[in-house]
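Chemist: Below is a structure I'd like to ask you about.
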Amino acid sequence: MNDISPTLTATSLTKIIGKKTIVDSVSFELQRGEIFGFLGPNGAGKTTTIRMLVGLIRPTAGHVTICGFDQRREFEQAMRCVGCIVENPDLYRFMTGRENLEHFARMLGVAMSEIPRVAELVSLSHRLEQRVGTYSLGMRQRLGIAQALLGDPKLLILDEPANGLDPAGIREIRELLRRLAEERGMSIFISSHLLAEIELTCDRVAIIHKGRILREGSVRELISSRREMELRVDDVGRAETIVRERNLSFRTDTDRIWVAIEEPDAPPLIAALVQSGVNVFHAQRRTQSLEDMFLEATGGESVD
Amino acid sequence: MIIPLIQNETLKILRRKRFAVVAAILFAIIALVTYSQYRRLNELRNQNWRAEIQQRVAAMQNTLRRGRVNETWARSMRAEINRLQFYLDHDIEPNKPTAPIFVRTFANVAGFLLLPLLIGILGSDIVSAENAEGTDKLLLTRPVRRWKVLTAKLITLWTFATLTLMSGAALAYTVSAPFLPRGGWAAPTFTGFSVAKGSIQIDAVRQLPLWKDTLIAYGLEWFALLTVACIALLLSVLFKSSAAAIGTMLASLIGGTILTRISPDWTAGKYLFVSALPLADYYTGEPPPYDGMSMLFCIGLLGAWAIVATTISYIIFTRRDVFG
């Protein structure tokens, strides 16, 4: 694989069960070293898409290419490049952490000496000899990630990796993922409903709703595409007229007006408002959060 | 490449303590039977075995004369009468319990229900438990083709079926040896009593040393258990819950046995795998429940069941979508 070709390509993935279209022609690409966020409410088709990526579900149409290998025809080569957690980090509860890692190392043909290294990465070395049944959800999450890191995959697919972790744990895992992406050029696919988490961790994000991708782009791009300034004024009516004269888009509230405006154009607008007798109490730039964008894109249906 | 997978499956069965349960059940049952045999041995010391056997033969002949038994039972009784008569004619005491005879009898007694049931316990959750616990999502997203995963499971199951049979035999000997006479592996046995058109075919009777006879009986039983393992695998693939898989196995074993006993007229019943399962019994001389069930037919039937069950398992397992 050369460095320019994408690590993961999903081409118009579709899953139809009976007459219901669960996933509708979903396409995206993951470049080397990129962290990609997959965002959507429950039942949006997130998990079905992930299951198609890793070969648990056969797509009705479309295909998946991993590291240049066709995931169906060259399953073994393709999956050798992937570490994943699908839905919950379900491991064998009746075996110890170490036995679980040994189990999956055997399937990969990876040396047992890898185990202390991956356990160290997720800070789980001290609990390896205990049965997984005694682990908390957060520890199972860590063990799941350790398992996914066995064999040095080029692509990591994690379903809700923040689940069950406390804030410190979330931060630790986020830093680990960023490090893996930056230092080793690992591509990471994360699905989540925690918008703030995606915003902090990911480079690029796709929003999926009712089986279709509504938006896709870099996190920065999606956020900065909707910059606006919030103004608190005493006379919203008159302010509106002035904004309209300048052909700017806006929305209003009882005492506030939000104007889509670039930074250099802000002072003249404020001056114009003041000149025409509108009192401006407060002016602030506001970047639209992923959450606003999500609500807008899905038409107000809540996440989760 | 398949060896590490077999190692994994073996570890899972051991860690789930399934084999420990099987060994414990075997031990408990064998200990109980040994105790009853031991008591019988003490009673026999004061008895005339010839008189006892003549009595049993007479009782069975009376029942037959009254004609109230159905054809299956009647055939079975006629065969038994012939066998006992043979022992009387040759002055051989057939029922004296010894440890080797106990081992030999175990193949017949445990073969048609107990051992298949234990294999059912071992096998029914080999796939369904991964389903129920959600571990299939990891198992099937590793760079190993699904058919290889299933093959490792089948081989592991066969290995444990073999181990179960061997531990049954070993336990039967070691538990009974302190209480019953230990020797007698070379004692003569008589097999091949068969009933053709109501009369006995004495010429078909073969005399074998007990150890050889035991090996043959266990060999047949082993083949039957491998078939049961294939069917358990299929149930495990079909059902998501282990309980449903084990339940179905139990129901088909018991249901099939009852069916062959109460409706011998329904001849299609001879194609059920349960009809052919007591291979060791048929070898000893117990007539199969339906006409036209030769030893070769039974072995072929079991083989066919095994192949069909395994094929369906592979088709379903390698193609199905794995949902949550």
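Each value in this text was obtained by applying a stated rule to the coordinates, not by laboratory testing. Note that the structure is predicted; figures quoted are calculated from it, not measured. Glycine also receives a Cβ, built like all others from the backbone with ideal geometry; neighbour counts cover every protein chain displayed.
Chemist: Identify which of A:ILE208, A:ILE257, A:ILE115 has the largest mean-square fluctuation in a Gaussian network model of chain A, with springs joining Cα atoms closer than 10 Å.
Modeler: Result for chain A, Cα springs under 10 Å: A:ILE257 fluctuates most.
Chemist: Over chain A, with a Gaussian network built from C-alpha contacts below 10 Å, which listed residue (A:ILE170, A:ILE50, A:ILE207) shows the highest mean-square fluctuation?
Modeler: Evaluated over chain A, the most mobile residue of the options is A:ILE170.
Chemist: Please figure out what share of the DSSP beta bridges in the stretch A:75-211 is antiparallel and state it in percent, rounded to the nearest 5.
Modeler: If we restrict to bridges inside the stretch A:75-211, about 10 percent are antiparallel.
Chemist: Percent antiparallel among DSSP beta bridges with both residues in the protein assembly as shown, to the nearest 5?
Modeler: Percent antiparallel among DSSP bridges in the protein assembly as shown is about 70.
Chemist: With +1 assigned to the C-beta of every Lys and Arg and -1 to the C-beta of every Asp and Glu, and no other charges, what is the dipole magnitude of chain A about the Cα centre in debye, to the nearest 20?
Modeler: Values: 39 positive and 43 negative charges, 191 e Å.
With Lys and Arg at +1 and Asp and Glu at -1, about 920 debye.
Chemist: When chain B is modelled as a GNM with alpha-carbon springs shorter than 10 Å, which of B:LEU84, B:LEU233, B:LEU302 fluctuates the most?
Modeler: Most flexible of the set in this elastic network: B:LEU84.
Chemist: Between the DSSP loop rule and a limit of at most 11 other Cβ atoms within 10 Å, which trypsin sites (Lys or Arg not before Pro) in the stretch B:59-154 are left? Each step should come with its number before you reach the end.
Modeler: Numbers: sites: B:ARG65, B:ARG66, B:ARG68, B:ARG75, B:ARG78, B:ARG83, B:ARG104, B:LYS137, B:ARG145, B:ARG146, B:LYS148, B:LYS153; in loops: B:ARG68, B:ARG145.
Sites meeting the loop and neighbour criteria: B:ARG68.
Chemist: A follow-up question, please. Identify unpaired cysteines across chain A, taking unpaired to mean no other cysteine Cβ lies under 4.7 Å from the residue's Cβ.
Modeler: A:CYS84, A:CYS202
Chemist: Using the 10 angstrom Cβ neighbour count as an exposure proxy, how do A:ILE17, B:ILE6, A:ILE198 rank, fewest first? Don't skip to the end; give the middle numbers.
Modeler: Details: A:ILE17 13, B:ILE6 17, A:ILE198 23.
Listed from fewest to most nearby Cβ atoms, that is A:ILE17, B:ILE6, A:ILE198.
Chemist: Under the √(5λ) rule applied to the eigenvalues of the Cα gyration tensor, what semi-axes describe the equivalent ellipsoid of the protein assembly as shown? Give them in Å, descending.
Modeler: Numbers: eigenvalues 1100, 116, 78 Å².
Square roots of five times the eigenvalues give 74, 24, 20 Å.
Chemist: While we're here: Sequence-distant or interchain residues sharing an amide H contact under 5 Å with A:LEU214, placed H: which?
Modeler: A:ILE207, A:ILE208, A:HIS209
Chemist: At 24 Å minimum axial length over the Cα atoms and a Kyte-Doolittle cut of 1.6, report the qualifying DSSP H helices in chain B, or say none.
Modeler: On the way: long enough: B:18-44 (39 Å, 1.03); B:49-66 (26 Å, -0.96); B:71-90 (29 Å, -0.88); B:114-133 (28 Å, 1.11); B:146-176 (45 Å, 0.90); B:210-238 (42 Å, 1.64); B:242-262 (30 Å, 1.39); B:295-319 (36 Å, 1.72).
Long hydrophobic helices here: B:210-238, B:295-319.
Chemist: Translational D (Stokes-Einstein, µm²/s) of chain B at 25 °C and 0.890 mPa s when Rh comes from the Kirkwood sum over C-alpha pairs?
Modeler: Details: Rh = 21.5 Å.
Roughly 114 µm²/s, to the nearest whole number.
Chemist: Once you place label points 7 Å from the Cα toward the Cβ at B:ILE258 and A:SER113, how far apart are they in nm?
Modeler: 6.2 nm
Chemist: Tell me, what HN-Hα J-couplings in whole Hz come from the Karplus equation 6.51 cos²θ - 1.76 cosθ + 1.60 at θ = phi - 60° for each residue of the stretch A:36-44, using x for Gly and Pro?
Modeler: Couplings: 10, x, 10, 10, x, x, 4, x, 7 Hz.
Chemist: Still on this model: Based solely on its DSSP helices, what 222 nm [θ] is calculated for the protein assembly as shown when runs of n ≥ 4 H residues each add -39,500 (n - 2.57) and the sum is averaged over all residues, nearest 500 deg cm²/dmol? Write out the running numbers ahead of the final one.
Modeler: Values: 24 runs with 339 residues, N = 628.
Dividing the helical sum by the residues of the protein assembly as shown leaves -17500 deg cm²/dmol.
Chemist: Here is a further query. Quickly work out the B:VAL69-to-A:ARG232 label distance, labels modelled 7 Å from Cα along the C-beta direction, and quote it in nm with one decimal.
Modeler: Simple spin-label model gives 10.1 nm for this pair.
Chemist: Could I ask something else about it? For a label point 7 angstrom out from the Cα of B:TRP266 toward its Cβ, which stretches of the stretch B:56-100 have the backbone nitrogen within less than 19 Å?
Modeler: B:70-73, by backbone N distance to the label point.
Chemist: Return a whole-number percent for the relative contact order of the stretch A:82-168, with Cα pairs under 8 Å and 6 or more residues apart as the contact set. Write down the numbers at each step before the final one.
Modeler: On the way: 118 pairs, mean separation 40.9, N = 87.
Relative contact order here is 47 percent.
Chemist: Another question about this same structure. I'd like the FRET efficiency for A:SER276 and A:GLN31, computed as 1/(1 + (r/R0)^6) with the beta carbon distance as r and R0 of 35 Å, rounded to 0.05. Intermediate results must be reported in sequence, preceding the final value.
Modeler: Values: r = 50 Å, r/R0 = 1.43.
Using R0 = 35 Å, I get an efficiency of 0.10.
Chemist: Which whole-Hz couplings ³J(HN,Hα) result when phi for each residue of the stretch A:276-283 is put into the Karplus expression 6.51 cos²θ - 1.76 cosθ + 1.60, θ = phi - 60°, listed in order with x for Gly and Pro?
Modeler: Rounded to whole hertz, the list is 8, x, 8, 7, 9, 8, 6, 9.
Chemist: Quick check: from the Cα gyration tensor, does the stretch A:5-76 come out rounded (a/c under 1.5), prolate or oblate? Let's see the in-between values first.
Modeler: Numbers: a/c = 2.19, a/b = 1.31, b/c = 1.66.
Judged from the Cα gyration tensor, the stretch A:5-76 comes out oblate (a/c at least 1.5, b/c at or above a/b).
Chemist: With the cut-off at 23 Å, tell me which of the pairs A:LYS46/B:LYS153; B:LYS12/B:LYS148; A:LYS19/B:LYS137; A:LYS15/B:LYS148; B:LYS12/B:LYS137; A:LYS15/A:LYS46 have Cα atoms farther apart than that.
Modeler: Values: A:LYS46/B:LYS153 31 Å; B:LYS12/B:LYS148 17 Å; A:LYS19/B:LYS137 25 Å; A:LYS15/B:LYS148 26 Å; B:LYS12/B:LYS137 16 Å; A:LYS15/A:LYS46 12 Å.
Beyond 23 Å: A:LYS46/B:LYS153; A:LYS19/B:LYS137; A:LYS15/B:LYS148.
Chemist: Sticking with this structure for a sec: Taking the dipole about the Cα centre of the protein assembly as shown, with the C-beta of Lys and Arg at +1 and of Asp and Glu at -1, give me whichever of B:MET60, B:ALA268, B:THR318 is farthest to the positive side.
Modeler: Final value for the positive-end residue is B:MET60.
Chemist: Moving on to the next point. What lysines could a cross-link reach from B:LYS212, if we take a straight Cα to Cα line under 23 Å and drop same-chain neighbours fewer than 8 places away?
Modeler: Reachable lysines: B:LYS96.
Chemist: Using the number of other C-beta atoms within 10 angstrom as an exposure proxy, rank B:VAL103, A:VAL274 with the fewest first. Walk me through the intermediate numbers first.
Modeler: Working: B:VAL103 25, A:VAL274 12.
Result, fewest neighbours first: A:VAL274, B:VAL103.
Chemist: Please report the relative contact order for chain B, taking Cα pairs under 8 Å with a sequence separation of at least 6, and give it as a percent rounded to a whole number. Before the final figure, lay out each step's value.
Modeler: Details: 372 pairs, mean separation 80.8, N = 324.
Averaging sequence separation for qualifying contacts and normalising by length gives 25 percent for chain B.
Chemist: Is the shape of the stretch A:91-190 best called rounded, prolate or oblate, per the rule: a/c under 1.5 gives rounded, else a/b larger than b/c gives prolate, else oblate, with a ≥ b ≥ c the square roots of the Cα gyration tensor eigenvalues?
Modeler: On the way: a/c = 1.80, a/b = 1.15, b/c = 1.57.
Here the stretch A:91-190 falls in the oblate category.
Chemist: Karplus couplings for the stretch B:182-189 from phi (6.51 cos²θ - 1.76 cosθ + 1.60, θ = phi - 60°), rounded to Hz, Gly and Pro as x?
Modeler: The phi angles translate into 8, x, x, 5, 8, 4, x, 10 Hz.
Chemist: Most exposed first by the Cβ proxy, i.e. fewest other Cβ within 10 Å, how do A:GLU245, B:GLU80 rank?
Modeler: In order of increasing Cβ crowding within 10 Å: A:GLU245, B:GLU80.
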